[in-house]
Structure formats: structure tokens, C-alpha cells
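Worksheet for the structure shown next.
The values are calculated or read from the model by the stated rules, or taken from the named source; none is laboratory data. All values reported here derive from a predicted model rather than from experimental measurement. Here the Cβ is made from the backbone with ideal geometry for all residues, glycine too, and neighbour counts use every protein chain on show.
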Amino acid sequence: MNLHRIVYRRANFKHAVKVLAILAMAAGGVAPLTSYAVKQTGGEYNTLYAGLGAKGYDVVAYFDQGKPVLGIQKHESVYGGVTWRFANKEHRELFEANPEKYAPQYGGFCSWGAANGKLFDVDPVNGWTIVDGKLYLNFNADLNKTFTKDAAKFIPKADKNWQSLNR
């Protein structure tokens, strides 16, 4: 293949990529970075992932094992209109005996987002912390660090905003 053909093909490829990018943006295929999950909860828990609380992670494991553990369908429980999954029968029973102790704050939405008056989805693997015996989920690891570093400031704000977000 001669040099002219290589340059011509490369130029066409670059042009095609630019055109596709423009078409994707025009069609709304690229979401804005500031998008949030929903405007209000409707009084329900975050079930943006397959109708499962905490995206299917065992909320008791955060307390008991200090890490995220994926729950299994065999050990499910319904609380607050949401299906919660657990790694084992013991965790399911602990949750059923005291769901308020284990259920994440702010309906399982991002705690940092709630403090800022927004409802963001969460990352239950990298975005979680326990403060004063309560589970807080966040959008990602970076926001989780920010939230955890100044939880004493964020929690009262989120508590206050939650009243209007949880409608």
C-alpha cells in the first residue's frame, strides 16, 4: 500500500470518528456530568439497580465483616418495598430483626448528594462508610472520602435536605 492511500484512509477514519461523536451528542447519547438519579424519592429506597436495595450487596456485611459482600437470591428479604439480598441466613435474620440498624441512610442514595440537595446513585463497593453505627453510601470512592473526612458537617445537611428529597 502506498503512502498516499495510508494517509487518505487515516484522514477518513479521523473524520468519521468526529462525525460520530457529533451525532452522538446531538442525539443526546452523551449524558451531562451533573445528571442525578431522580429529583425526589417518592418515599422509597433507591432501587435503580434491578429493584434491589444497595444494588444487591449485603448491608449487614458492612457492619459484621467491614467490607462489601454481594448477597444472593436465596437469602432475600423485603423491607420498605425493596428486596434486600444477604450473603447468608444469619445476616438476613439480623436485618429482619432490626432493619433500621442496617439499612443505609437517605434511602440508599448518595449521602454526599443528599447533603447537597441532590439524589445520586451509589457505588456500594467503593462508596460506603459507617459513622456512629449508621451506613452511608456514596456515588464513588472520591465522594466517599470527601464525605467521610467531614461527616460531621455533611450529615446534618443531608438530614435536613432529606425531608424535602424523600417525598
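For the range 29-52, filtered to residues that are among the small types (Gly, Ala, Ser) and out of contact with any Ser or Thr (no Cβ under 7 Å at 6 or more places or on another chain), the residue that is modelled with the highest pLDDT is 50. Output the qualifying pairs, or none if there are none: Cβ atoms under 7 angstrom, residues six or more apart or on different chains, first residue in the range 65-79 and modelled with pLDDT of 95 or more, second residue exposed (fewer than 15 other Cβ atoms within 10 Å of the Cβ). Listed pairs, sorted by first residue: 68/125; 75/89; 77/96.
Considering the range 114-133, and only residues there that are among the charged types (D, E, K, R) and in contact (Cβ under 8 Å) with a residue 12 or more places away in the chain, the residue that is surrounded by the most Cβ atoms within 10 Å (Cβ to Cβ) turns out to be 121. Looking across the range 45-83, the residues that are in a loop (DSSP other than H, G, I, E, B) and of a type in the set (Gly, Ala, Ser) come down to 50, 51, 66, 71, 80, 81.
Per the listing 140, 144, 98, 116, the residue uniquely out of contact with any helix residue (DSSP H, G or I) (no Cβ under 9 Å at 6 or more places or on another chain), of a type in the set (S, T, N, Q) and within 19 Å of residue 48 (Cβ to Cβ) is 140.
In the range 90-113, what residues are over 19 Å from residue 160 (Cα atoms) and either in contact with a strand residue (DSSP E or B) (Cβ under 6 Å, 6 or more places away or on another chain) or surrounded by 15 or more Cβ atoms within 10 Å (Cβ to Cβ) (or both)? Result: 91, 92, 94, 95, 96, 99, 102.
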